[in-house]
Amino acid sequence: MAVNGAQITIVGNATRDPELRFSNSGMAVASFSVAVNFRKMNRTSNEWEEEEPSFFRVSCFGDMAGNVAESITKGSRVVVVG
């Protein structure tokens, strides 16, 4: 659920294996990054053009952090909503 209705969705590939850590209070925290490649159709040449990839750092907390650390590896296709 988004706060104030602002929400984004990122679809891309994990650029590294998630790193699982624990906060001082014992909460699990998983961190990884996602690369998103954009391409657009050039209407003049009728060909697809690749743009520079964008990189996003992602952090997950609690039970989700454990699930992410167990199921995502470098190169995995991921959908991040937040």
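Things to note:
- Scanning the stretch 49-58 for residues that are charged (D, E, K, R) and either surrounded by 12 or more Cβ atoms within 10 Å (Cβ to Cβ) or modelled with pLDDT of 95 or more (or both) gives a single hit, ARG57.
- The criterion of at least 3 residues that are in contact (Cβ under 8 Å) with a residue 40 or more places away in the chain, within 20 Å of GLY75 (Cα to Cα) and among the hydrophobic types (A, V, I, L, M, F, W, C) is met, among strands (runs of 3 or more DSSP E) falling completely within the stretch 1-60, by 9-14.
- With respect to (1) open to solvent by less than 40 Å² (accessible area, probe 1.4 Å); (2) farther than 26 Å from ASN4 by Cα; (3) hydrophobic (A, V, I, L, M, F, W, C), the lone exception for PHE32 is condition (2).
- Flag if GLY75 is in contact (Cβ under 8 Å) with a residue 60 or more places away in the chain and either in a strand (DSSP E or B) or open to solvent by less than 90 Å² (accessible area, probe 1.4 Å) (or both): yes
- Being polar (S, T, N, Q) and at pLDDT 95 or above holds for only one residue in ASN46, ASN42, ASN4, ASN24, and it is ASN24.
The values are calculated or read from the model by the stated rules, or taken from the named source; none is laboratory data. Predicted, not measured: the structure shown is a model, and the values here were computed from it. A quick note on method: Cβ atoms are made from the backbone with ideal geometry, for glycine too, and the neighbour counts reach across all protein chains shown. Side chains are part of the model used for accessible areas, which takes the heavy atoms of the whole protein and leaves out ligands, DNA and RNA. Shrake-Rupley method; radii C 1.70, N 1.55, O 1.52, S 1.80 Å.
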